[in-house]
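A short write-up of the structure that comes next.
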Amino acid sequence: MSRIDQNKSEINDEKWNAVSESVAATRRRLQLFRVIKYGGHGWICGLLLGLILLLAARIWSIENSIYWAIGIVGLGVIAGFMSGLLHRITTINAASIMDGSTLGNERSDMLVTALSFKDMDNVAVHWQRNQAAKYGTQFISNMRTLLPWPNQRKLWIICASMFMVVLIIAVLPNPQHKVLADAKQQEEWIKTQEKQIDELAKKLQTSKLASITKRPLQDQIEQLQKELDGQKDPNQALDQLEKKMKAMEELAKKQELKEKSLAEMAEKMRQVSQLSSLAKSLLNHSKDELQKAMSNLKNEMQKLSSAEKEKLRESLNKLEKEVPMNAENKQLKDALKQLEEALEKGDSTEQEQALQKLAEELSLAIEAKLQALEQSEAASVLSAALAQQGLGLADQMAAAGLAYSDTWSSGGSAEMLAQAGATGSASTGEPSAGQGETAGQGSTPGTGTGQGSGNGQGSGSGSGGKGTGTGSGTGSGAGLGIGGRELVTTPRLMEGKDGLQSDGGPIQGGGGDIQKGGDSQMIDGASRPYEEVYEEYAAEAKKSIGRNDLPQKMQGLVESYFTSINPNF
């Protein structure tokens, strides 16, 4: 290529670069106009959606509605800008707008033509490109005049007006804010309940209860944890607590009845003199006593005459008829039946086998009784804990003006269960100072010693007549020291004459007749046999604990007390 041709080529390239740069600069300015315009439209859309959200938050409870509205407005602006960037101004569009600007009397289409001749190379194209470059350079130097900022006053007035409306709505008090605050507070209440249930579950998990005893209780607690998880309504949470509380109490009652059935069986066995030691071992839950009592019974059986064995057989037959058949005592009752049949046959080998079978069933009964007591006690403790926990939630709801079921009201079953649990905890605690000694007096002819047991650590003495008696009590709580129990003094009676006198004397300020009763005579109560008084009071107690509305825990406390002062032990 000659030097002249090379110079022409360089000049041509220079002109083309001038055309391209001028069009690119115009394109960037037009793109900026579009981005700002679309951003304004996005702001309007965001403000509109934010306004709708704030208005909806005054009808429905929407948490953090103001922050959501701010976010929506911001997203609207960003979406508008992004839309403006994505909708690109093309090179042809920019060149066309440049050609349409007023630099001459008529439209020349220089830049559009120059772009269309981009790949051509001849003298005419070079001349046209030179003219386009001059036009483009002149346009760029006057761009702010020829391509001014678009007048979008209406758009910005709409944006500003909507922004003020949204701001006013956001600042004005919203009644739903209190509803949300109350809901948040209620969620905190339920979270507190969940934490307390988790603590109960951990304590139950680490307790020394046998797995067979612990498993049903754990199932109830785990189910309660699932039902409270994500719960927001305190009434629903309280209902779940009530269901589990009653389920625990029902479980405690079921196990209490199971233990009571075995205890009643032992009471019936105790009436048979040869079986009294066995019955006592069952009542005391002692396998050591059982082993010793069974060894004594085997030795005694060998010494019984035929008449005595027949009498024992009749006693066993009577025992079988008196004791009702149920799941708890079926095996034990069958063992007694087997012993009766062996006595009837007079076969010593079968009698030995029957005694061995009876020993095995009594051992199993002791285990079942201990398990029932353990599970009943644990279920009662959990029931009382759930009751106490629910009462706390009910108090919070009452302070907030929320209604709840009568179970949690004052004097309701939950309060009774909580009180029974507190009473049970107190009765198993260490005795306080001065609580371990009790003194009693009674009429005790003759000389002898007596032993008694009670809920407490203490000693007692009895004196009267010609004899003295001493006794001791062990346990926790208030001590019951008992000397002689042959006779006790019943409360004195209040008696008097029923004659009436009418005093018609004057009364200050007027009034009716005054009637005066006769003399009252105070008569000391009589001394009665202890067994007779005990049976009378125990019968009244059984009527009381038979009420359905009395918590099982309280029933157990009353029953344990009367068992501890039973004169037959």
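The values are calculated or read from the model by the stated rules, or taken from the named source; none is laboratory data. It should be emphasised that the depicted structure is a prediction, and the values quoted were computed from it without experimental measurement. Reconstructed Cβ throughout: ideal geometry from the backbone, glycine too, with neighbour counts over all protein chains shown.
Of all residue pairs spaced 6 or more apart or on separate chains, those with beta-carbon atoms under 9 Å, a first member in the stretch 16-42 that is touching a residue at least 40 places away in the same chain (Cβ under 8 Å) and under 15 Å from LEU86 (Cα atoms) and a second member that is assigned to a helix (DSSP H, G or I) and of a type in the set (Phe, Trp, Tyr) are VAL35/PHE81; ILE36/PHE81; TYR38/PHE81; GLY39/PHE81; GLY42/PHE81. Checked against the criterion of being touching a residue at least 40 places away in the same chain (Cβ under 8 Å) and farther than 24 Å from MET164 by Cβ, the stretch 62-70 has at least one qualifying residue. At least 2 residues being among the β-branched types (Val, Ile, Thr) is the threshold, and among the helices (runs of 4 or more DSSP H) wholly inside the stretch 185-287 those reaching it are 211-228. Among residues of the stretch 236-262 being surrounded by 15 or more Cβ atoms within 10 Å (Cβ to Cβ) and of a type in the set (S, T, N, Q), the one that is nearest to the chain's Cα centre (by Cα) is GLN240.
Every condition in (1) at pLDDT below 85; (2) charged (D, E, K, R); (3) surrounded by fewer than 19 Cβ atoms within 10 Å (Cβ to Cβ); (4) closer than 20 Å to GLU367 by Cβ is met by GLU320 except one, and the failing one is (4).
For the stretch 85-101, the criterion of being outside any helix (DSSP H, G or I) and modelled with pLDDT under 85 is satisfied by at least one residue.
All conditions in (1) surrounded by 12 or more Cβ atoms within 10 Å (Cβ to Cβ); (2) part of a helix (DSSP H, G or I) hold for ALA181, with the sole exception of (1). So in the stretch 290-305, with the set limited to residues that are part of a helix (DSSP H, G or I) and out of contact with any Leu (no Cβ under 9 Å at 6 or more places or on another chain), which one is nearest to MET325 (Cα to Cα)? Out of the qualifying residues, it is GLN291.
For the stretch 54-68, a residue qualifies if it is crowded, with 20+ Cβ neighbours inside 10 Å and either hydroxyl-bearing (Ser, Thr, Tyr) or at pLDDT 95 or above (or both), and exactly one does: SER65.
Let's see how each residue does on (1) among the polar types (S, T, N, Q); (2) outside the structural domain of GLN388 (by TED's automatic domain parsing); (3) buried (at least 17 other Cβ atoms within 10 Å of the Cβ):
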{"position": "MET162", "(1), (2), (3)": "no, yes, yes"}
{"position": "VAL165", "(1), (2), (3)": "no, yes, no"}
{"position": "GLU199", "(1), (2), (3)": "no, no, no"}
{"position": "THR206", "(1), (2), (3)": "yes, no, no"}
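Of all residues in the stretch 307-325, those that are closer than 26 Å to LEU257 by Cα have Cβ atoms under 7 Å from Cβ atoms of residues that are among the polar types (S, T, N, Q) and surrounded by 16 or more Cβ atoms within 10 Å (Cβ to Cβ), 6 or more apart or on another chain, in VAL323/ASN329.
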